[in-house]
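The structure under discussion appears below in the form of structure tokens.
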Amino acid sequence: MVPNEIINNISTSQKLADSWVKTNVVPFYSTTKIRYLLVGNEVISGSPKDIWPNIVPAMRKIKKSLKAHGLDKIKVSTSMAMDVLESSFPPSNGTFRSDIADSIVRPLLQFLHRTKSFYFLDVYPYFAWVMDPKNINLDYALFESRTIKYTDPVSNLTYTNLFDQMVDSVVFAMKRLGYPDIRIWIAETGWPNAGDIDQIGANIYNAATYNRNVVKKLTAKPPIGTPARPGWVIPSLIFALYNENQKPGPGTERHFGLLYPNGTNIYGIDLSGKTPDSCFEPLPRPDNNEPYKGKIWCVAAKGVNETALSSALSYACSQGNKTCDPIQPGKKCFKPDSLFWHASYAFSSYWSQYRKTGATCYFNGLATQTAKDPSFGHCKFPSVTL
């Protein structure tokens, strides 16, 4: 994959594109079976707007470089998340966002059509369900529902799971721009096996259920496809192999793996889809499928580096709004020589103030959420109430 941050430079320099391919592809081909090369990952979702118009020009230059090296068989694409759609429900109403439809998506689809490549799509029913757990049934998101069906009022297609709905909304969006036949490759799909206290449905039971079921669907013979594309093969990648234990952000970001960082299984799974679920060890029952109700605090994690903790304490206190006033000498939450307590107070205070604007209880792995009140004596720690 060409990293997002060098797309702008590659889009204007064939020389740089040639150099990138020569360094990152040529030495490893054909010992490594490189078949697809993505130019950027979810660029529209997470990168500055000035990069967006340069995705396709960069793809063209990379494709030209591959051709020059006799690597024509390698397909070029880019990956997109579901947020490139402005409408996805019902699926027949799938429509690309008006700010990118003509300027970015149409040239992309034109390129994919001309080069017979795939539209690489990141599909996470987990995130769609989390946004609306009251109206979206969890079993429907996990491929577990036997009774819930949804019929699209326009296409009359009937859906039995959320994954198919999401994929077909992109199928209809592409059709709307005049490209009904571009194949879809699922670049990422998965379900988190754990998360923070305030993140519902992130547990081993749901992760194993979703991933086992999606593997069964995608490996079925003959291929199942989706209601809008019955019988089509949908090549796919499960996200992710390992729990990325050093990744920033909410807890779920560090818990999408099939394996722990030490390489052991989090739960049993067979990516060929052939092993019956009954052959795996029983899964722990989920205990967080309903939203947590109560208070949560953000405290320093045990056993972390004290120098790093001291820096994080300084950062939290420097954000103003009297975040750390109660831990100043002489105040009610001051504890002499207690970096752990002061950091815990600062983290809780900072998080309770800034959570609504996107702050997380992470601090580079130095903090963790707790439902146990860390307050002591007259010192009350600020909390988040759900």
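Springs between alpha-carbon atoms under 10 Å, Gaussian network over the chain: tell me which of SER236, SER65, SER338 tops the mean-square fluctuations. Taking springs between Cα atoms under 10 Å, the residue moving most is SER338. Taking the charge dipole of segment 295-385 about its Cα centre, with +1 at Lys and Arg Cβ atoms and -1 at Asp and Glu Cβ atoms, the residue from CYS379, VAL304, PHE334 reaching farthest to the positive side is CYS379. Just report the Cα centroid separation between segment 330-386 and segment 88-125, whole Å. First find each Cα centre; the distance between them is then 43 Å. In this structure, the pairs whose alpha-carbon distance is over 32 Å, taken from LYS134/LYS221; LYS175/LYS221; LYS22/LYS175, are LYS134/LYS221; LYS22/LYS175.
May I ask you to work out the translational diffusion coefficient for the chain at 10 °C, viscosity 1.306 mPa s, via Stokes-Einstein with Rh from the Kirkwood sum over Cα pairs, reported in whole µm²/s? Roughly 68 µm²/s, to the nearest whole number. Result for the chain in a Gaussian network model with C-alpha springs under 10 Å: among ALA359, ALA17, ALA101, the largest mean-square fluctuation is at ALA359. Accessible surface ranking for SER11, SER318, 1.4 angstrom probe, highest first: SER318, SER11. Please label the shape of segment 216-284 as rounded, prolate or oblate, based on the square roots a ≥ b ≥ c of the eigenvalues of the alpha-carbon gyration tensor (a/c under 1.5 means rounded; beyond that, a/b larger than b/c means prolate, else oblate). Oblate shape, in that a/c is at least 1.5 and b/c is the bigger or equal ratio. The chymotrypsin sites (Phe, Trp or Tyr not before Pro) of segment 298-386 that meet both conditions, a loop assignment by DSSP and at most 16 other Cβ atoms within 10 Å of the site Cβ, are PHE334. Qualifying trypsin sites (Lys or Arg not before Pro) in segment 33-66, where qualification requires a DSSP coil assignment and no more than 15 other C-beta atoms within 10 Å, comprise LYS33, ARG35. Comparing GLY46, GLY231, GLY273 in a Gaussian network model of the chain (Cα springs below 10 Å), the most mobile by mean-square fluctuation is GLY46. Stretching LYS331 away from ASN245 to a fully extended chain increases their span by 27.3 nm, per 0.36 nm per residue minus the current alpha-carbon distance.
Around PHE256, what is the net charge, scoring Lys/Arg as +1 and Asp/Glu as -1 over all other residues with Cβ under 11 Å from its Cβ? Summing Lys/Arg as +1 and Asp/Glu as -1 gives -1. Based on C-alpha pairs under 8 angstrom that are at least 6 apart in sequence, segment 81-279 has a relative contact order of 20 percent. When THR95, THR32, THR252 are compared by accessible surface with a 1.4 Å probe, the order from highest to lowest is THR32, THR95, THR252. Charge tally around TYR179: other residues with Cβ under 12 Å, Lys/Arg +1 each, Asp/Glu -1 each, net +4.
Ranking of ASP373, ASP102, ASP270 by solvent-accessible surface, largest first: ASP102, ASP373, ASP270 (1.4 Å probe, protein heavy atoms only, all chains present).
The heavy atoms of HIS255 present about 50 square angstrom of accessible area, all protein chains included, probe 1.4 Å. In percent, rounded to a whole number, the relative contact order of the chain is 11, using alpha-carbon pairs under 8 Å and six or more apart.
The three principal axes of the C-alpha atoms in segment 22-98 carry coordinate ranges of 44, 27, 17 Å, sorted with the longest axis first. The solvent-accessible area of GLU5, taken with every protein chain present and a 1.4 Å probe, is close to 140 Å².
Of the trypsin sites (Lys or Arg not before Pro) found in segment 298-373, those that fall in a DSSP loop while having at most 16 other beta-carbon atoms within 10 Å are LYS302, LYS322, LYS331, LYS332, LYS372. Among the listed pairs LYS63/LYS216; LYS322/LYS380; LYS67/LYS247; LYS116/LYS149, a Cα-Cα separation exceeding 26 Å is found for LYS63/LYS216; LYS67/LYS247; LYS116/LYS149. Return the whole-Å distance between the Cα centroid of segment 153-206 and the Cα centroid of segment 240-288. Using only Cα atoms to place each centre, the spacing works out to 20 Å.
Using a 1.4 Å probe, what is the accessible area per residue for segment 295-385, in Å²?
55 Å²
Expressed as a whole percentage, what fraction of the accessible surface of segment 45-159 belongs to carbon and sulfur atoms when a 1.4 Å probe is rolled over the protein heavy atoms? Of the solvent-accessible surface of segment 45-159, carbon and sulfur hold 52 percent. In this structure segment 81-279 gives 45 Å² per residue of accessible area when probed at 1.4 Å with all protein chains present. Per residue of the chain, the DSSP helices (runs of n ≥ 4 H) give a summed -39500 (n - 2.57) that works out to -8500 deg cm²/dmol at 222 nm. In this structure, THR275 and ASN135 have a Cβ-Cβ separation that, at R0 = 35 Å, corresponds to a calculated FRET efficiency of about 0.55.
What the phi angles of segment 122-139 give under the Karplus curve with 6.51, -1.76 and 1.60, with θ = phi - 60°, is a coupling list of 9, 10, 10, x, 4, 5, 5, 5, 4, 5, 8, x, 6, 9, 9, 6, 4, 4 Hz, glycine and proline written as x. Whole-percent P(r), segment 295-385, all Cα pairs, 5 Å bins from 0: 3, 16, 29, 28, 19, 6, 0.
The values are calculated or read from the model by the stated rules, or taken from the named source; none is laboratory data. Note that the structure is a prediction, hence the values are computed from the model and not measured. Counting neighbours? That spans all protein chains shown, and the Cβs are built from the backbone with ideal geometry, glycine included. Heads up: the accessible areas ignore ligands, DNA and RNA and are worked out on the full protein's heavy atoms, side chains in. Shrake-Rupley method; radii C 1.70, N 1.55, O 1.52, S 1.80 Å.
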